[in-house]
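Written out below as structure tokens is the structure these notes cover.
The values are calculated or read from the model by the stated rules, or taken from the named source; none is laboratory data. A quick note: this is a predicted structure, and the numbers were derived from the prediction, not measured. Note that each Cβ is placed from the backbone with ideal geometry, even for glycine, and that neighbours are counted across all protein chains shown.
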């Protein structure tokens, strides 16, 4: 795969990796000692923002086919 460093496909891969890392971090933190509630809210908000960005870029990369 020879992706341009600034291509939407490359950005999509980076966002998916970051989302997965953040998801794993949240899962580990919630299973262990109670984390700061504010920190958990911030992590979850960031994860949601990443998901929104992933969906937006997916629509750019694979547009809907006309009916």
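Please list, ordered by first then second residue, the pairs with beta carbon atoms under 6 Å, 6 or more apart or interchain, first in the range 33-49 and at negative phi and surrounded by 14 or more Cβ atoms within 10 Å (Cβ to Cβ), second in a helix (DSSP H, G or I) and modelled with pLDDT of 90 or more.
Here the result reads 47/22, each pair linking the range 33-49 to a residue that is in a helix (DSSP H, G or I) and modelled with pLDDT of 90 or more.
Report whether or not residue 28 is at pLDDT 90 or above, over 11 Å from the mean Cα position of the chain (by Cα), more than 17 Å from residue 58 (Cβ to Cβ) and surrounded by fewer than 14 Cβ atoms within 10 Å (Cβ to Cβ). Before the answer, list the steps.
Working: at pLDDT 90 or above: no; over 11 Å from the mean Cα position of the chain (by Cα): yes; more than 17 Å from residue 58 (Cβ to Cβ): yes; surrounded by fewer than 14 Cβ atoms within 10 Å (Cβ to Cβ): yes.
Spelling it out, it is not the case that residue 28 is at pLDDT 90 or above, over 11 Å from the mean Cα position of the chain (by Cα), more than 17 Å from residue 58 (Cβ to Cβ) and surrounded by fewer than 14 Cβ atoms within 10 Å (Cβ to Cβ).
Residue by residue through the range 31-55, note down the ones that are modelled with pLDDT under 90, in contact with a helix residue (DSSP H, G or I) (Cβ under 9 Å, 6 or more places away or on another chain) and part of a helix (DSSP H, G or I).
39, 40
Can you tell me which residue is modelled with the lowest pLDDT among those in the range 1-25 that are in a loop (DSSP other than H, G, I, E, B) and under 21 Å from residue 56 (Cα atoms)?
3
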